[in-house]
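Take a look at the structure set out below.
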Amino acid sequence: MHDMQTLTQLILENGLGSRIISRDQLARMLEGSPQRRYNLVNRALRKGELLQLQRGKYLLAPSTLLNSTPHPFVLAQALAPGSFISFESALCFHGWIPEAVPVTMSVVPGRRQLEINHPILGLYRMYPIAIQEGGLLESVERITFNGHAALVAMPLRALLDIICRRKLAPEEVRGFADAMRIDVEHLRNIAPEVWLSMARVYRHKRMALCITALREACKK
């Protein structure tokens, strides 16, 4: 293997042109010593053919021939396995809020908040929230973007995740949908069983009160 085009071509030939590539995958593809592999990867990074997302995770640059960059939701999933898209990012995707969201926001399991600000691929923020055991993926669906899957919260789940993350009180929730410029008809059209399932998701009693307040407010 004598140049970086060979590395790029090898990545494409392995069907990884638009996927997150791990250090282990690169090691399996590249022949030679660990030092040689290290040098080849670093050369690709310097030439701008390969992008480093975080330690041990790479992606071919969007400018690379035949390469199409994965959807930000797919990238977020790869950056934080076990996470799902939520908050304003999911609300925007579902058409519930009018404004574009310049950051990809996810719920991540565990307790550690994570932020990745990549100069080419954008800003990603992952937040832990207090969820009951078994409730993490309630009202979360698998959606495919250009052949790659990502988990995305349904609109009510995304809205309630915002309320949970911001630690809003029940009395603050009553005008919250209006402040977010959400059409109240969206909330009125949610089936009763969905509201009930959401009441079992969150760990804190405050969220059960917030869900009741939000549901009552949208009936008026």
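Taken together, the values in this text are just the output of simple stated rules run on the coordinates, not laboratory data. All values derive from a computational prediction rather than experimental measurement. Virtual Cβ from ideal backbone geometry, glycine too; neighbours counted across all protein chains shown.
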Using amide H atoms built in the peptide plane, which far-off residues or other-chain residues are under 5 Å from residue 140 H to H? 154
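Of all GluC sites (Glu not before Pro) in region 28-115, which ones are in loop regions per DSSP and have a Cβ with at most 15 other Cβ atoms within 10 Å?
Details: sites: 31, 49, 88, 99, 115; in loops: 31, 49, 99.
Sites meeting the loop and neighbour criteria: 31, 99.
How do the peptides 20-27, 181-188 rank, highest first, by the average count of neighbouring beta carbon atoms within 10 Å per residue? Can you show the working numbers first?
On the way: 20-27: 15.6, 181-188: 13.6.
Sorting 20-27, 181-188 by mean packing, highest first, produces 20-27, 181-188.
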Least to most buried among 129, 143, by other C-beta atoms within 10 Å and fewest first, runs 143, 129
Please compute the net charge surrounding residue 139, taking Lys and Arg as +1 and Asp and Glu as -1 over other residues with Cβ under 12 Å from its Cβ. -2
